[in-house]
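These notes concern the structure reproduced below.
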Amino acid sequence: MPQAWEGIVDPPVRTRVNSKPRATGYTMVLDKGLGLHATTDLMRMAHHVIDSLKLTFGTSAFYEEDVLREKIALVQAAGVDIYPGGTFLEAAVAQGKVADYVVRARELGFNTVEVSDGTIEMDATTRNDIIKRAKDAGFKVLTEVGKKDPKDAIATTTMHEQVASDLAQGADKVIVEARESGHGVGIFDASGDVQTDMVQEILGGINNVEDLIWEAPIKNQQQWLILEFGPNVNLGNIPPEDILALEALRCGMRGDTLKRALAGTWP
């Protein structure tokens, strides 16, 4: 479907990857409980710039089954992946219900699974087994590194090892934890500003930044990452109402990126 202004005003940034499935420029939207009408509106307005929709935390546990099935179907019909949040899987791990979880997720129609240990402790063997089980069941797999409580933060070297191991086990991409608030977790300080030294530490042990999805729910975080890594950096935990504003940032259609794009200094 042609864009409304196609051939009239072109985005200044022409390197944005538009065709899906995208290996780069991936955008994951955080869904904390959109109803069916809101989900339909979101897909109608922005399906082409959304790669996956995460039903965050354990929110999918509180849907009536017919509503959840309908929501999953309409999202996938729009060409967008959909999956339950990693915290929900962590609850399944704690209850010894991983095998049942994977089967049920497939029955309900999800096509992606997130594997994380942001709250619980999970040994490497268990983590690898879950990734393999999900891949064998036909799921796309996103994993996550990092802890939700900054007091439990893992060493950067441990993060490097987890990323390498997850990718070797078949994970499609690895998410860098930042929670939905974007404050005081991962690469962001208590004010939500990027800790550039931490970004560099993480990148020091990563072979390909395109393997990572940076959770970045706040505009200044998205802007920094886009200006640092270009319009096709992978971003996650984007609020639904911000998805087109993010795309404008990526394509040089906001003042924060337009000036540099027109000057030829970015990307």
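No value in this document is a laboratory result; all are computed from the given coordinates. Note that the structure is a prediction, hence the values are computed from the model and not measured. Positions of Cβ are generated from backbone atoms using ideal geometry, with glycine treated the same way; all protein chains shown enter the neighbour counts.
What number comes out for the charge environment of residue 182, summing +1 per Lys or Arg and -1 per Asp or Glu over other residues with Cβ under 13 Å away?
Values: positive: 148, 179, 219; negative: 177, 180, 189, 193, 215, 242.
It works out to a net charge of -3.
Which residue, chosen from 235, 78, 198, occupies the Cα position most advanced towards the positive end of the dipole of region 27-261, where the dipole is computed from +1 (Lys, Arg) and -1 (Asp, Glu) charges on Cβ about the Cα centre?
Result: 78, furthest along the dipole toward the positive end.
May I ask you to list the GluC sites (Glu not before Pro) in region 63-107 that are in a DSSP loop and have at most 12 other Cβ atoms within 10 Å of their Cβ?
Of the GluC sites (Glu not before Pro), the ones in loops of region 63-107 whose Cβ has at most 12 other Cβ atoms within 10 Å are 64.
I want to verify a result. In a Gaussian network model of the chain, Cα cutoff 10 Å, which of these has the top mean-square fluctuation: 135, 173, 97?
97
Normalised by the residues of the chain, what does the relative contact order come to in percent, with Cα pairs under 8 Å and at least six apart? Mind showing how you got there, number by number?
Numbers: 447 pairs, mean separation 53.9, N = 267.
Result for the chain is 20 percent.
With a 10 Å cut-off between alpha carbons and a GNM built on the chain, which of 209, 141, 49 moves the most?
Among 209, 141, 49, the largest GNM mean-square fluctuation belongs to 209.
Count the net charge of all other residues whose Cβ sits under 12 Å from the Cβ of residue 195, scoring Lys and Arg as +1 and Asp and Glu as -1.
Its environment carries a net charge of -4.
What are the ³J(HN,Hα) couplings of region 229-236, residue after residue, when phi is run through the Karplus curve with 6.51, -1.76, 1.60 and θ = phi - 60°? Round to Hz, x for glycine and proline.
10, x, x, 9, 5, 7, 10, x
Between residue 25 and residues 5 or more places away or on another chain, which pairs have amide H atoms under 5 Å apart, with H built 1.01 Å from N, and which residues are they?
233, 234
Around residue 82, which amide H atoms from residues at least 5 apart in sequence, or from another chain, sit under 5 Å from its own amide H, with H modelled in the peptide plane?
Amide H neighbours of residue 82: 53, 111, 112.
Please check: in the Gaussian network model of the chain (C-alpha springs, under 10 Å), which one of 27, 39, 15 has the largest mean-square fluctuation.
Of the options given, 15 has the highest mean-square fluctuation.
Please work out whether region 174-217 counts as rounded, prolate or oblate from its C-alpha gyration tensor, where a ≥ b ≥ c are the square roots of the eigenvalues and a/c under 1.5 means rounded, while otherwise a/b larger than b/c means prolate and anything else oblate? Mind dumping the intermediate values first?
On the way: a/c = 3.01, a/b = 1.51, b/c = 2.00.
Note, shape of region 174-217 comes out oblate.
Output the pairs from 148/173; 54/148; 20/97 with a Cα-Cα distance over 25 Å in this structure; if there are none, say none.
Pairs exceeding the cut-off: 20/97.
Find the percent of Cα-Cα distances in the chain that exceed 36 Å, and round it to a whole number.
Everything past 36 Å amounts to 12 percent.
Report, in whole Å, the centroid distance computed from the Cα atoms of region 9-26 and region 181-224.
Rounded to whole Å, the Cα centres lie 21 Å apart.
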